[in-house]
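Okay, structure first, notes after.
The values are calculated or read from the model by the stated rules, or taken from the named source; none is laboratory data. Note that the coordinates shown come from a computational prediction; the quantities given were computed from them, not determined experimentally. Reconstructed Cβ throughout: ideal geometry from the backbone, glycine too, with neighbour counts over all protein chains shown. All accessible areas refer to the heavy atoms of the entire protein, side chains included, with ligands and DNA or RNA removed. Shrake-Rupley method; radii C 1.70, N 1.55, O 1.52, S 1.80 Å.
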Amino acid sequence: MIIGASVKRKEDPRLLAGRGCYVDDVRLPGLVQAALVRSAHAHAEIGSINVARARAMPGVIFIATAADLDVAQPIPVRLGPRPGQRPFLQFPLARRQVRYVGEPVTVVVATDRYVAEDAADVVEVEYHRLPPVANTDQALAPHAALLHEGGTTNLADRLVMGTGEPDAALARAGIRIRRRFGVQRHSGVPLETRGIIASYDAGSGRLSVWGPTKVPHFNRRVLSDLLGIPADRIRFIEPDVGGGFGVRGEFYPEDFLIPWVAIRLRRPVKWIEDRREHMVAANHSREQIHDVELGATTDGRIVALVDRICVDMGAYVRTHGVTVPELTGALLPGPYRIPHYRAEIACVLTTKTPTGTYRAPGRYEGTFVRESMMDLLARAVGVDPVEIRRRNFIPPQEMPFRVGTAALGVETVYDTGAYASSLDAALAAVDYPRMRASQASARAQGRHIGIGLACVVEKAGLGPWEIARVEVDKAGRITVYSGLASLGQGLETTLAQVCAEELHLSVEEITVIHGDTARVPVGVGTFASRGAVVGGSAVLLASRAVKDKLLDRATRTLEAAREDLVMERRRIFVRGVPSRGVTFAELAAASVATEPGISATQIFRVSEMTYPYGTHVAVVEVDSGTGHVTILGYAIAYDVGKAINPMIVDGQLVGGLAQGIGGALLEEMIYDSEGQMLATTFMDYLLPTAAEMPHTVSIRILEETPTPLNPLGIKGAGEGGTAGAGAAIANAVSDALGPLGVEVVSLPLSPDRILELIRSAQTHGHARG
Ligand code: MCN
């Protein structure tokens with residue numbers, strides 16, 4: 001069996017040997033370089049823009065401002081567009097006003113990057129400053145400065161979702177718990193920053209674009225609409241990618257500007273983002289405030305949950321629309337039966353970088369809130385956090401389970417799940433009873449050790465479809481073409497595994513092609529952990545169709561019954577008579593009269609999502625003198641229905657966890673009251689390093705509840721490592737510092753924040769055991 005085997009990643013030998021080709025490695029003759037003049041102010045009217053000095057600099061080729069752009073359309077929403085969002089969309093260059101620090105104002109092109117940047121420095125933009133809208137409170141205040149002319153408010157959208165009668169149920173509840181929680185603004189910061197190269201061939205009218213990943217076909221459509229060039233004249237080529245994490249490859253202003261300049265100049269143009277630019281220009285995420293109330297019976301059974309969520313969207317509605325707020329509300333109930341539920345979500349515009357999805361969007365935030373409330377409920381009832389979760393899990397026999405919410409146009413219906421089982425597996429991985437006992441003895445020695453749980457329900461496999469083509473050429477070589485894109489998640493290996501399984505091959509014998517619109521003319525792309533589920537299923541269907549064709553032809557060639565044929569090593573022979581056979585190459589060559597090789601294209605369509613789930617357990621020690629949190633141990637048990645490649649799933653969970661730890665302890669895009677971003681380098685935006693990671697992470701991949709929604713039975717794996725990390729670590733820190741009266745209600749848990757929590761608990765709080 002190749003599906004289910006931990007084969008090594010096909011892509012790694014090339015990448016590890018330095019033979020990868022990233023966008024910055026693409027060399028084209030006559031290439032010129034672009035730099036952007038970005039707003040230095042959070043909110044201002046643009047007066048004049050004087051480019052005379054810049055234009056006079058030797059080596060400067062071209063400069064454009066919004067007035068020079070012949071684009072009438074803003075960048076559209078990709079996921080869940082709604083008519084009300086239109087006034088808040090972003091144009092590629094700021095027109096009349098800037099609304100966040102880093103907003104593109106002018107594009108400068110020069111013979112080299114140094115000149116381009118020097119010239120950008122001397123572009124004189126006259127700004128008439130307007131009051132910044134530094135946070136959601138200011139944005140919603142009665143006389144707040146309005147950010148967008150088309151809007152009458154700074155509220156981009158308001159979502160309400162839920163089920164039952166939560167107010168009445170809360171009123172009747174024996175236990176009621178209210179809290180305000182906050183998650184800080186942070187986001188994906190791949191080590192390879194974004195970049196794009198565009199080249200236009202005036203003769204053929206063809207435009208080639210290297211760089212954008214994730215959704216090349218959608219981006220091509222948008223570019224085609226904005227430029228007024230037919231999509232079939234535009235080719236998107238995805239090079240290797242140094243991390244995506246949800247932020248890379250959406251359609252950003254630069255994705256219009258660079259191709260537009262290339263067409264104007266009839267020369268290839270390149271733009272590579274520097275780190276500071278990335279921090280202010282790429283999508284931010286996660287900034288939310290939750291005012292939540294939970295009602296339960298006195299024995300701890302949840303009866304109602306009401307959450308008023310305020311999401312800081314930044315200055316514009318970008319390609320994700322209100323996906324992150326919507327997913328927050330849709331999946332907040334998690335693995336628990338919550339008969340009465342309501343989420344009221346305000347999507348608020350402020351003068352900060354616009355936002356989008358970042359690995360486990362909405363679930364990282366919602367899981368933190370829900371799982372913190374579960375611990376508070378356990379405390380109110382006087383039972384162990386494990387017990388309170390067991391009392392509230394939706395049992396497997398109630399699957400499929402309708403949550404009463406919807407996101408991305410899909411009703412939230414959990415397909416399969418055995419939540420208690422994943423909890424058991426995670427507890428076993430850390431030896432929970434022993435861990436509690438050693439916590440007690442450590443406490444007796446004055447050490448602050450805590451154990452935190454988080455039960456997660458993720459979503460994966462967003463439709464509506466994905467395409468795959470499998471080809472056997474005349475040499476018998478097998479190529480898989482997929483509409484997916486790579487973010488570094490090991491797609492070439494796992495898609496090859498799916499095909500290899502069907503055609504009885506090894507992974508090495510299969511080439512996987514993706515991310516080039518000339519070779520894969522249509523596709524949807526990679527996001528929402530849909531690759532394995534939707535793209536993998538499409539490869540399965542196409543491989544099966546090719547297998548059918550091969551066997552069909554072999555039946556005729558060998559004059560044998562189909563059930564007597566054996567497929568092995570790119571050859572089909574009659575069982576028991578290995579010499580009576582025919583190779584894939586021979587079959588493909590023979591078919592040439594009717595078709596070029598043997599191939600099949602299949603689309604896998606799916607209208608429902610699948611819901612992987614799991615449990616995180618964090619064991620931490622907090623130094624109450626310095627505020628430092630050390631993660632002593634960590635376990636994740638995660639059910640993916642069936643793992644195509646357990647080693648890759650393991651890597652996904654550990655890699656995702658590293659990002660979750662960053663969000664829990666370190667990473668924060670801090671703004672001052674003037675709307676200036678204060679964390680624009682890795683000196684002040686702290687990423688987790690090996691030192692912050694636990695020495696061991698125990699991963700238990702579970703395959704207990706395959707989904708009926710796809711032929712492989714699989715659920716996604718890309719985001720589960722991130723989704724529960726903030727919650728588990730927060731609960732562990734609350735547990736560790738419980739005796740000092742500390743209760744965590746916001747992230748990140750940086751040392752200064754921990755010390756502040758301890759100080760304020762000492763001033764106001766009551767210690768608890
Ligand atoms: N897989 C598997 N068995 C399963 C499910 C998944 O073997 N049952 C494998 C897949 O074939 C794939 C990987 O695990 O190699 C992740 O699969 P999947 O969950 O389908 O997610 P996608 O392929 O759609 O990838 C997107 C997802 C998201 S949304 C983000 S963000 C993300 C991620 O996965 N960003 C990543 N993983 C990342 N990994 C790396 N290295 N870099 C990123 O930027």
- prompt: Among the strands (runs of 3 or more DSSP E) contained in the stretch 511-625, which hold 2 or more residues that are aliphatic (A, V, I, L, M) and under 40 Å from the mean Cα position of the chain (by Cα)?
  reply: 598-605, 613-622
- prompt: Yes or no: residue 365 open to solvent by less than 10 Å² (accessible area, probe 1.4 Å) and not in a loop (DSSP other than H, G, I, E, B)?
  reply: yes
task: Please state which of the following conditions residue 436 fails to meet, knowing it meets all the rest: (1) part of a helix (DSSP H, G or I); (2) touching a helix residue (DSSP H, G or I) at 6+ places or on another chain (Cβ under 9 Å); (3) of a type outside the set (Gly, Ala, Ser).
output: (2)
message: It is to be established whether one or more residues within the stretch 421-428 are of a type outside the set (A, V, I, L, M), within 30 Å of residue 321 (Cα to Cα) and open to solvent by 60 Å² or more (accessible area, probe 1.4 Å).
response: no
field: Residue list for the stretch 476-500, restricted to those being more than 9 Å from the ligand (Cβ to nearest atom), outside any loop (DSSP other than H, G, I, E, B) and not aliphatic (A, V, I, L, M)
entry: 479, 481, 482, 499
task: Looking only at the stretch 393-405, decide whether some residue is away from the ligand (no atom under 16 Å from the Cβ), part of a strand (DSSP E or B) and under 30 Å from residue 141 (Cα atoms).
output: yes
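Answer yes or no: is there a residue in the stretch 77-97 that is surrounded by 18 or more Cβ atoms within 10 Å (Cβ to Cβ), more than 30 Å from residue 524 (Cα to Cα) and not basic (Lys, Arg).
Step one: list which residues in the stretch 77-97 are surrounded by 18 or more Cβ atoms within 10 Å (Cβ to Cβ), which gives 77-79, 85, 88-94, 97.
This time we only want the ones that are more than 30 Å from residue 524 (Cα to Cα), so: 97.
Next, only the ones that are not basic (Lys, Arg) stay: 97.
For the stretch 77-97, residues surrounded by 18 or more Cβ atoms within 10 Å (Cβ to Cβ), more than 30 Å from residue 524 (Cα to Cα) and not basic (Lys, Arg): present.
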query: Is it true that some residue in the stretch 323-332 is more than 24 Å from residue 730 (Cα to Cα), open to solvent by less than 10 Å² (accessible area, probe 1.4 Å) and either at pLDDT 95 or above or over 21 Å from the mean Cα position of the chain (by Cα) (or both)?
result: yes
query: Only one of (1) away from the ligand (no atom under 15 Å from the Cβ); (2) small (Gly, Ala, Ser); (3) under 23 Å from the mean Cα position of the chain (by Cα) fails for residue 438. Which number is that?
result: (3)
- request: Only residues that are surrounded by 22 or more Cβ atoms within 10 Å (Cβ to Cβ) and away from the ligand (no atom under 16 Å from the Cβ): list them for the stretch 504-524, please.
  value: 517
message: Can you tell me which residue is nearest to residue 159 (Cα to Cα) among those in the stretch 49-75 that are open to solvent by 40 Å² or more (accessible area, probe 1.4 Å), at pLDDT 95 or above and not in a helix (DSSP H, G or I)?
response: 49
- request: Please enumerate the residues belonging to the stretch 199-231 that are of a type in the set (A, V, I, L, M), under 17 Å from residue 522 (Cβ atoms) and open to solvent by 20 Å² or more (accessible area, probe 1.4 Å).
  value: 231
- prompt: Since residue 675 meets every condition but one in (1) more than 22 Å from residue 354 (Cα to Cα); (2) more than 16 Å from the ligand (Cβ to nearest atom); (3) open to solvent by less than 50 Å² (accessible area, probe 1.4 Å); (4) more than 22 Å from the chain's Cα centre (by Cα), which condition does it not meet?
  reply: (1)
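Please go through the stretch 318-342 and pick out each residue that is more than 19 Å from residue 82 (Cα to Cα) and not in a loop (DSSP other than H, G, I, E, B).
331, 336, 340, 341, 342
What is the residue count in the stretch 237-276 for residues that are among the aromatic types (Phe, Trp, Tyr), in a loop (DSSP other than H, G, I, E, B) and open to solvent by less than 20 Å² (accessible area, probe 1.4 Å)?
Narrowing the stretch 237-276 to residues among the aromatic types (Phe, Trp, Tyr): 245, 251-252, 256, 260, 271.
Still in the running and in a loop (DSSP other than H, G, I, E, B): 245, 251-252.
The next check asks that each one be open to solvent by less than 20 Å² (accessible area, probe 1.4 Å); those that pass are 251-252.
Looking only at that region, the number is 2.
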Near pairs, Cβ below 6 angstrom, 6+ apart or cross-chain, from the stretch 530-558 (modelled with pLDDT of 95 or more) to any residue that is in a helix (DSSP H, G or I) and open to solvent by 40 Å² or more (accessible area, probe 1.4 Å): 551/562; 555/562
- prompt: What is the number of the single condition among (1) modelled with pLDDT under 95; (2) crowded, with 17+ Cβ neighbours inside 10 Å; (3) over 26 Å from residue 412 (Cβ atoms) that residue 475 does not meet?
  reply: (2)
Conditions (1) open to solvent by 10 Å² or more (accessible area, probe 1.4 Å); (2) away from the ligand (no atom under 16 Å from the Cβ); number of the one not met by residue 644: (2)
statement: Matching residues in the stretch 711-729 (within 14 Å of the ligand (Cβ to nearest atom), open to solvent by less than 10 Å² (accessible area, probe 1.4 Å) and either basic (Lys, Arg) or assigned to a loop (DSSP other than H, G, I, E, B) (or both)) number 4
statement: Within the stretch 662-701, the residues that are over 30 Å from residue 42 (Cα atoms) and either outside any strand (DSSP E or B) or among the β-branched types (Val, Ile, Thr) (or both) are 689, 690, 691, 692, 693, 694, 695, 696, 697, 699, 701
- request: Could you grab me the full set of residues in the stretch 187-207 that are away from the ligand (no atom under 16 Å from the Cβ) and under 21 Å from residue 242 (Cα atoms)?
  value: 196, 197, 198
